[in-house]
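Q: Before anything else, here's the structure in question.
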């Protein structure tokens with residue numbers, strides 16, 4: 001591993017200042033993706049800025065029409081939160097299915113969405129809910145935040161503070177996972193919101209995305225049969241050693257129908 005400097009921030013302002021001083025610096029949240037990349041030589045930041053002591057990033061609160069989850073809230077904290085379980089149980093279940101207990105205890109919401117791994121679970125939930133991502137300087141809709149493979153709208157010196165989730169009528173996330181890592185080979189999140197149905201997919205290979213054809217079909221009839229024979233556009237998917245592009249597209253349809261069926265049965 002390439003030598004690097006380590007600093008521990010106590011305030012968001014510290015992290016922003018250090019990022020501006022060292023443009024190639026990286027923020028350390030849970031470290032579940034970044035440290036692995038560094039060990040493999042895929043990342044070599046000259047400076048690591050640890051956010052672990054920035055307490056303001058761990059807030060989890062009810063804001064009335066919205067649920068605020070701080071960027072440094074761990075997957076385990078979200079999964080176990082009585083507030084999330086009561087107001088947005090589908091999100092708690094999504095968090096509880098990420099990786100294993102050790103990863104859930106360290107990995108964070110902010111780290112996951114900022115890394116934008118194409119097989120991560122959180123981006124699908126964030127997109128399906130139509131959440132707003134709040135940084136130290138602006139607010140971004142989820143539709144504008146995710147920009148492709150490991151790509152987001154974050155600037156190099158920008159710090160994600162947290163995510164504001166509007167509370168949908170219902171949310172369900174279903175995934176078919178790679179057994180070793182529990183990353184999604186394909187995952188689909190379906191949300192019924194005040195403005196309509198939102199469907200988001202992860203795991204296809206090019207980053208999280210919406211599925212507008214499925215949304216339109218479910219707006220007409222919210223039932224699994226409405227998605228019969230529907231598959232996402234072929235250019236959305238890519239194959240690898242775990243699954244072909246065609247298989248991932250097939251799984252998207254299967255998982256979307258399962259999510260809708262679960263929502264219908266539990267309504």
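No value in this document is a laboratory result; all are computed from the given coordinates. This structure is a prediction, so every number in the text was calculated from the model and none was measured. Positions of Cβ are backbone-derived with ideal geometry, glycine not excepted, and every protein chain shown enters the neighbour counts.
Q: What is the distance in Å between the Cα centres of the stretch 61-119 and the stretch 193-267?
A: 22
Q: I'd like the orientation of helix 245-265 relative to the chain: the angle between its Cα long axis and the longest Cα principal axis, in ° from 0 to 90, rounded to 10.
A: The helix 245-265 is inclined about 70 degrees to the chain.
Q: If you don't mind, another one. Once you sort the root eigenvalues of the Cα gyration tensor of the stretch 114-154 as a ≥ b ≥ c, which label holds: rounded (a/c under 1.5), prolate (a/b larger than b/c) or oblate (the other case)?
A: It is oblate, given that a/c is not under 1.5 and a/b is not larger than b/c.
Q: Within 10 Å of each residue's Cβ, count the other Cβ atoms and sort 28, 154 from fewest upward.
A: 154, 28
Q: If each DSSP helix of 4+ residues adds -39,500 (n - 2.57) and the sum is divided by the residues in the chain, what number results at 222 nm, nearest 500 deg cm²/dmol?
A: -9500 deg cm²/dmol
Q: Which one, 256, 43, 200, has the greatest fluctuation when you compute a Gaussian network model over the chain with C-alpha springs under 10 angstrom?
A: 43
Q: For the residues 11, 257, 198, what sequence is obtained by ranking on other C-beta atoms within 10 Å, fewest first?
A: By the 10 Å Cβ count, ascending: 11, 257, 198.
Q: Let me ask something else about it. Quick one: order 173, 6 by neighbouring beta-carbon count within 10 Å, fewest to most.
A: 6, 173
Q: Where does the chain land on Rg(C-alpha)/(2.2 N^0.38 Å)?
A: 0.99
Q: If you don't mind, there's one more thing I want to ask. Just report the Cα centroid separation between the stretch 122-172 and the stretch 1-26, whole Å.
A: Cα centroid to Cα centroid, the span is 23 Å.
Q: With each pseudo-label sitting 7 Å past Cα toward Cβ, what's the residue 213-residue 55 distance in nm, one decimal?
A: Taking the simple label geometry, residue 213 and residue 55 are separated by 5.2 nm.
Q: Now for a separate question. Given axes a ≥ b ≥ c from the Cα gyration tensor, I'd like to know whether the stretch 102-220 is rounded (a/c under 1.5), prolate (a/b larger than b/c) or oblate.
A: Taking the square roots of the gyration eigenvalues as a ≥ b ≥ c, the stretch 102-220 is oblate.
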